[in-house]
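Heads up, the thing below is written out as structure tokens.
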Amino acid sequence: MTNTVAAPATVLIIGATGSFGGHAAAALIRHGWRIRALARDPAAARAKAGDRMPIDWVCGDAMNPADVTAAAAGATVILHAANPPGYKNWRGLAIPMLAAAIAGAKASGARLVLPGNVYNYAPDTGPSIAEDAPQAPVTRKGRVRREMEQMLRDAVAGGDCRALVLRAGDFFGPAAPNSSFLWLTSRRGGRIRSVAAPGPVTVGHAFAYLPDLTETLARLLDREGELADFDTFHFAGHWLARGDEMAASIRRVTGDASIPIRPFPYPLLYALSPFVEMFRELLEMRYLWNRPIGLDGRKLKAFLGDVPATPFDAAVRETLADMDCLPRTAAPAVRLAMA
């Protein structure tokens, strides 16, 4: 891909060892951007990410505004790709981390990018949500997400910084160890043994293939100067109209039509949720599989013209290969070890 950035520019990534951050780093490097990444332990982060991506690791805490501001000096863009691990303490961690990133953006003049999701919307919003749709979250995490975006709007309205929200559905792909492809499949001996059905078969679901999503981000940032001070784009990704289409694709790419579809073990999660916070959080988000919630990508297509879109079966094939359930076609650019 030909780089359209006028001169090598720097992106500071907060959360570069995560699924989105790692894929974004790879995409932005392909587009000629310099990557700087914040980490409490740069040596450990460098070892986790591997040596294939030229990243300038700097020491700092994403919760500390002074650390983020120092790391952001000279950056054109700050990508805030950090999330509280394991769905834990979202309000206590997510809000201060974003506040620190906003402080860094104000000091450096960088555009602050936030990867968004569908948590902000009510369950009945529908399968084609536009950027201007009302946000009426029904969960704790959704309310935190809405508050985070309002923090960005307020900062931009004050003339202190610029921001971009790129919203997408359910992340999946290589190097995405927390994706639904891992927790909805059972695996043994390098084979998919079964696929769990988390919702009704008649309900659709929106998936976002991470290499496509982060390539889209890179193309948007190549044209950063054309964006509004506060801009939002919805990445439609793959809309699967039926709840069994993911399993059908897995059967096709593995060549195993006998892979069974089994009910997701919600009764077990309910029984253990008083003791396991992660299970409580997953149950709160169950509505995402029970209602058709998807995104309208027309604004993004109108701006970019060509939106990256790997065919779903090909994306599933690369995902399963990274899970060691199919032969790899190439060495991974982003490591599965990222969490």
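The values are calculated or read from the model by the stated rules, or taken from the named source; none is laboratory data. Keep in mind that what you see is a predicted model, and the values were worked out from it rather than measured. Note that we place each Cβ from the backbone using ideal geometry, even for glycine, and neighbour counts take in every protein chain shown.
Residues in the stretch 267-284 that are closer than 20 Å to Pro200 by Cβ and surrounded by 15 or more Cβ atoms within 10 Å (Cβ to Cβ) were compared, and the one that is modelled with the lowest pLDDT is Leu282. Say we look at the stretch 70-92 and pick out the residues that are part of a loop (DSSP other than H, G, I, E, B) and within 13 Å of Leu112 (Cβ to Cβ); which of these is modelled with the lowest pLDDT? Only one residue fits best here, namely Ala82. Please indicate, with yes or no, whether at least one residue in the stretch 124-137 is in a loop (DSSP other than H, G, I, E, B), out of contact with any helix residue (DSSP H, G or I) (no Cβ under 6 Å at 6 or more places or on another chain) and under 18 Å from Ser19 (Cα atoms). No, the conditions are met nowhere in the stretch 124-137. Pairs are defined by a Cβ separation below 9 Å, a sequence spacing of at least 6 or placement on different chains, a first member in the stretch 290-307 that is under 29 Å from Pro198 (Cβ atoms), and a second member that is of a type in the set (Lys, Arg) and modelled with pLDDT of 95 or more; the pairs so defined are Leu295/Arg167; Val307/Arg219; Val307/Lys301. Applying the set (1) modelled with pLDDT under 95; (2) closer than 19 Å to Met151 by Cα to Ala110 leaves exactly one unmet item: (1). Of the residues contained in the stretch 152-170, one or more are found to be part of a loop (DSSP other than H, G, I, E, B) and modelled with pLDDT of 95 or more.
Looking at Gly50, Gly15, just one residue is on the phi > 0 side of the Ramachandran plot and at pLDDT 95 or above, and that residue is Gly15. Listed conditions (1) of a type in the set (A, V, I, L, M); (2) touching a residue at least 24 places away in the same chain (Cβ under 8 Å); (3) out of contact with any helix residue (DSSP H, G or I) (no Cβ under 7 Å at 6 or more places or on another chain) are all met by Val195, apart from (3). Check the stretch 54-61 and report whether any residue there is surrounded by fewer than 19 Cβ atoms within 10 Å (Cβ to Cβ), modelled with pLDDT under 95, within 22 Å of the chain's Cα centre (by Cα) and more than 24 Å from Val144 (Cα to Cα). So far as the stretch 54-61 goes, yes, one or more of its residues are surrounded by fewer than 19 Cβ atoms within 10 Å (Cβ to Cβ), modelled with pLDDT under 95, within 22 Å of the chain's Cα centre (by Cα) and more than 24 Å from Val144 (Cα to Cα).
Taken over the stretch 85-131, the criterion of being buried (at least 16 other Cβ atoms within 10 Å of the Cβ) and free of Cβ contacts under 8 Å to residues at least 24 places away in the same chain is satisfied by Ala122 alone. Among the candidates Phe264, Phe279, single out the residue that is farther than 23 Å from Gln135 by Cα, in contact with a Pro (Cβ under 6 Å, 6 or more places away or on another chain) and of a type in the set (A, V, I, L, M, F, W, C). Step by step, each of Phe264, Phe279 is checked, and only Phe264 is farther than 23 Å from Gln135 by Cα, in contact with a Pro (Cβ under 6 Å, 6 or more places away or on another chain) and of a type in the set (A, V, I, L, M, F, W, C).
Of all positions in the stretch 255-276, none carries a residue that is farther than 14 Å from Ala197 by Cβ, part of a helix (DSSP H, G or I) and either in contact (Cβ under 8 Å) with a residue 60 or more places away in the chain or among the β-branched types (Val, Ile, Thr) (or both). Filtering the stretch 137-160 to residues that are free of Cβ contacts under 8 Å to residues at least 60 places away in the same chain, of a type outside the set (D, E, K, R) and crowded, with 20+ Cβ neighbours inside 10 Å leaves Gly142, Val144, Met148, Ala155. What do you reckon, is Lys48 in contact (Cβ under 8 Å) with a residue 40 or more places away in the chain, out of contact with any helix residue (DSSP H, G or I) (no Cβ under 8 Å at 6 or more places or on another chain) and assigned to a helix (DSSP H, G or I)? Considered against the rule, which asks whether it is in contact (Cβ under 8 Å) with a residue 40 or more places away in the chain, out of contact with any helix residue (DSSP H, G or I) (no Cβ under 8 Å at 6 or more places or on another chain) and assigned to a helix (DSSP H, G or I), Lys48 comes out as yes. Look at the stretch 27-41: where a residue is assigned to a loop (DSSP other than H, G, I, E, B) and a partner is β-branched (Val, Ile, Thr) and modelled with pLDDT under 95, sitting 6+ places away or on another chain with Cβ atoms under 8 Å, you get His31/Thr4; His31/Val5; Gly32/Val5; Trp33/Val5.
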